[in-house]
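Nothing in this text is a laboratory measurement; each read-out follows from the coordinates by a stated rule. Here the structure is a predicted model, which means the values were calculated and not measured. Cβ atoms come from the backbone with ideal geometry, glycine included; neighbour counts cover every protein chain shown.
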Amino acid sequence: MNWSAVRAIYVHEMMRFFRTIWQSIASPVLSTVLYFVVFGAAIGGRIQTIEGVAYGAFIVPGLMMLTLLQQSVSNASFGIYFPKFSGTIYEYLVAPAGWIEVTAGFVGAAASKAMLIAVIILLTSFWFNGVHIAHPFWMLAFLILTAVSFSLLGFIIGLWAKNFEQLQIVPMMVITPLTFLGGAFYSASMLPPFWEAVAKLNPVLYLVSGFRWSFFGLADVPVGTSLIAVTIMLVVCLAAIRWIFATGWRLRE
């Protein structure tokens, strides 16, 4: 393991993030504040509690997960796409670093950025709601596993994309809708039986459910199932990236 290569890529990506820190942090935080105002205040005035939890506090894990997924995918996909776009990807391919080092550097930086923004959103939520974290260790575990898994997915998207339009398709047309339909703002138990069964086909529901359980002890699906789901995603993404680097698919075009 070439830790110097991992550190060089990681530091480079984080420096790029901090050069535009105002834009990188202010935009998602402002969007989340609007969600708190619209959903927490407006809808929360009509829905007082869900399973004994104030609605304004109930949506905090969902909002954090929404931002975490979007930022993880976007940061990782843009991070690896720009070297492809500029042609500097070949410097990574001929450097004394394997696919593990390159992936760890880019994915580690993307996950760090996403988790930083998620933590800032959590701190922001204290201005609006009294949020209590019942299981801090598992909250952190779900945060890290989800950030890393979706950063790996974003890394794959960045390798696959041939232009900026393709780079935006999955985050905008897949990730965001699945998160909204994955119980970010409601509990799946509130749905009629048929639609609850349909909702459980959404993989994002398992992430949101596990993350919400770490806050309030409430879950739409068993916590163990949520952990298995995110672990499977992580393993599948790692296998896909290893195959891409082994075959050179979309790397040497």
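Rounded to the nearest 0.05, the FRET efficiency derived from the C-beta distance between residue 242 and residue 194 at R0 = 35 Å is 0.30.
In the chain, the longest principal axis of the Cα atoms and the axis of helix 60-86 are about 10 degrees apart.
Building the convex hull from the alpha-carbon atoms of the range 115-180 and averaging its projection over directions returns 5.6 nm². In a DSSP loop and with at most 14 other Cβ atoms within 10 Å, the GluC sites (Glu not before Pro) in the range 33-128 are 51. So how tilted is helix 203-216 from the main axis of the chain? Cα-based, degrees 0 to 90, rounded to 10. Around 60 degrees separate the two axes.
Size descriptors for the range 3-247, from the alpha-carbon set: Rg then Dmax equal 18.3, 59 Å. The order of 179, 88, going from fewest to most other C-beta atoms within 10 Å of their C-beta, is 88, 179.
Relative to the longest principal axis of the Cα atoms of the chain, the long axis of helix 136-160 makes an angle of roughly 50 degrees. Sorted fewest first by neighbouring Cβ atoms within 10 angstrom, 31, 86 come out as 86, 31. Shown for 115, 14, 172, 65: other C-beta atoms within 10 Å of each C-beta, ranked fewest to most, produce the order 172, 14, 115, 65. Each of residue 172 and residue 12 was given a label point 7 Å from its Cα along the Cα-to-Cβ line. The distance between the two points is 2.8 nm.
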